[in-house]
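For reference, the structure discussed in these notes is given below.
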Amino acid sequence: MAQESRQAWGSKLGIIMAVAGSAVGLGNFLRFPVQAAQNGGGAFMIPYFVALLLLGIPLMWIEWSLGRFGGGFGHGTAPGIFHSLRQKNRFIKYFGVIGIFGPLVILVYYTYIESWTLAYSFFALTGKYAGATTQAQLQSFLSAFQGLESNQYFNSLRTAYIFFLATFALNIFVLYHGIKGGIEKLCNVAMPALIIFGVLIAARVLMLGAPDPLKPGWNSLNGLGFLWNPDLTMLKDPKVWLAAAGQIFFTLSVGIGVILTYASYLKKTDDVTLSGLTAAGMNEFAEVIIGGSIVITAAFVFFGPSGAQEVAKSGSFNLGFVTMPAIFCRIPLTAVFGFLWFLMLFLAGVTSSVSLSQPAVAFLEDEFNLSRKKALAILTVVFFVLCQPAIFFLGKGVVDEMDFWGGTFCLVLFATIETILFTWVFGMDRAWEEMHHGAALRIPGAYKFIMRYVTPLFLIVILGSYLLSDNGRNRILMAGVPEENRPYVLGTRLLLLGVLSGLIILVNLAWRKRRAHPGQGGGK
């Protein structure tokens, strides 16, 4: 397939917004403050920025460069991109299967969670949860909405499923209109809106005074101090460093395979160094400045230091769907700020979910020479079917299992593989030259050493440490999984194994097809 026949971004700003949209997701506003609060507050930011410099930014540049390189051969996904690095190697393309598998697995549960934010945006405007003013009541509201219990708020999954269908349809609609007409247009509107909403909410939170005159210390300034004052003794705990590195993975969308696909639509002379750094900078602003100023700070004002700590321990879902509505009901313009909060989360979610869909679509387009309409039709059916277990068995550990394999394990594994392939198999000198084609920014020379030695070693240590830890072994061996949930967790593993096997077979078929018909399919 010729380079000209593939889609392309409409502008440099478009690709930056799209990659930033992929990176800025629910984790920026929900997962990040939890990780910071639980891992030493301001002390957490030390390993966080170390991981950003040694892990996140190098991987960002590696993925932009790999994607652009593979796109020159007509490949938009990891199997083809890896194959283009060393075409005589028959097996290298199979390492890239993880770069399609991971995004697909994350997509099937992420879209359902994303639909909750759309639903809650509607609930905020209509006052659906207005009668639930305590965290206990709002927890009951969320559980009923998710179908985990039946009460006065909901007695079935019908409402949640309707909003899932609406979110699913919107994702397909955006994907149908392609890279320039769909994803780029969405991100060019959604990203500025998301930032504006976030700044408005953060400004309102930072203006909060102590609601109780008897507790003057419960104010936003002390709330920021609660989150950011460093407990340096925490730096001795390796779990803090692993948590920081893990957050960098989640926040930058590296190690997933999405950036490879997005960058494959660049021209050979398009910049990747400054563009990648700009996209990363937008994400860090959204996470550290906006995400770090809202949830924990607001929780401190209304619930005090011990309450804020409990909120941080309650998890990301409770932060977003229980704690924040409970806080907004205590300030003027409750409905407005509730709507802005959930719409911000929805925009963050939808720009991420369309990015997770694109690798599978690109794989079918590039490697099987299918039209976008046919490729999207296949993805729609597979995507819809795979979403159902996450919806109907949410309380059985299915989503947690998918999140572990797709959103944690495969993430680190794939990042390790692509880093080694690019810097060692392709060669660091060639890699360095590739990164600087059309570069608007010269990468500091120290990163040549960091990318070749420090980044892969960092990744191997993270992966090895987790697998050797009690948490890693217990997760793999299903220790701690309730007996009644074990069939569902095992079934999820079999489902994921089936998806992975199917992708391996498809890669094999694609290359057999190419050998039989050298003029068809993506690449040479």
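Observations, loosely collected:
- Under the Karplus curve 6.51 cos²θ - 1.76 cosθ + 1.60, θ = phi - 60°, whole-Hz ³J(HN,Hα) for segment 163-179, x wherever Gly or Pro sits: 5, 4, 4, 5, 5, 4, 5, 5, 4, 5, 4, 5, 5, 4, 8, x, 5
- One chain, two ends: L214 and N474. Fully extended at 0.36 nm per residue, the span grows by 89.0 nm beyond their Cα-Cα distance.
- Paramagnetic label zone (point 7 Å from Cα along Cα-to-C-beta, T133; backbone N under 16 Å) in segment 309-342: 325-335
- In nm, spacing of pseudo-spin labels at L467 and Q388 (7 Å Cα→C-beta vector): 3.5
- Additional length obtainable on full extension of the chain from N151 to F317, 0.36 nm per residue less Cα span: 57.8 nm
- Listed peptides 104-116, 173-185 appear in the order 104-116, 173-185 once ranked by packing, highest mean of other Cβ atoms within 10 Å at the front.
- The packing ranking of peptides 498-510, 356-368, 293-305, highest mean first, is 356-368, 293-305, 498-510, where packing means the average number of other beta carbon atoms within 10 angstrom of each residue.
- Based on Cα contacts under 8 Å between residues 6+ apart, segment 76-233 shows a relative contact order of 11 percent.
- Estimated from helices alone, the mean residue ellipticity of the chain at 222 nm is -21000 deg cm²/dmol (sum of -39500 (n - 2.57) over DSSP H runs with n ≥ 4, per residue).
- Backbone HN-Hα couplings from phi across segment 113-125 [Karplus 6.51/-1.76/1.60, Hz, Gly and Pro as x]: 5, 4, 5, 5, 5, 5, 4, 5, 4, 5, 4, 5, 6
- Protein accessible area in segment 240-398, 1.4 Å probe - carbon and sulfur %: 73
- Length gained when the stretch L125-F449 is fully extended (0.36 nm per residue, less Cα-Cα span): 111.4 nm
- Those residues of segment 81-105 whose amide nitrogen sits under 11 Å from the label point placed on N508, 7 Å along Cα→Cβ: none
- Cα→Cβ-extended label distance, 7 Å offset, between K180 and I460, nm: 4.4
- Cα centroid separation, segment 100-164 to segment 252-277 (Å): 34
- Seen from A243, the other residues with C-beta closer than 15 Å to its C-beta sum to a net charge of +1, counting Lys and Arg as +1 and Asp and Glu as -1.
- Computed packing ranks the peptides 478-485, 246-253, 406-413, 453-460 as 246-253, 406-413, 453-460, 478-485, most packed first, by mean other Cβ atoms within 10 Å.
- Whole-Å semi-axes of the ellipsoid equivalent to the chain (Cα gyration tensor, √5λ, descending): 37, 26, 22
- Backbone geometry of segment 443-460 corresponds, through the Karplus equation with coefficients 6.51, -1.76 and 1.60 at θ = phi - 60°, to 3J(HN,Hα) couplings of 6, x, x, 4, 5, 5, 6, 4, 5, 7, 10, 5, 4, x, 5, 4, 5, 5 Hz, x marking Gly and Pro.
The values are calculated or read from the model by the stated rules, or taken from the named source; none is laboratory data. Owing to the predicted nature of the structure, the values given are computational and were not obtained by experimental measurement. No Cβ is skipped: glycine too gets one built from the backbone with ideal geometry, and neighbour counts run over all protein chains shown. We work out accessible area using only protein heavy atoms, side chains counted, and drop any ligands, DNA or RNA first. Shrake-Rupley method; radii C 1.70, N 1.55, O 1.52, S 1.80 Å.
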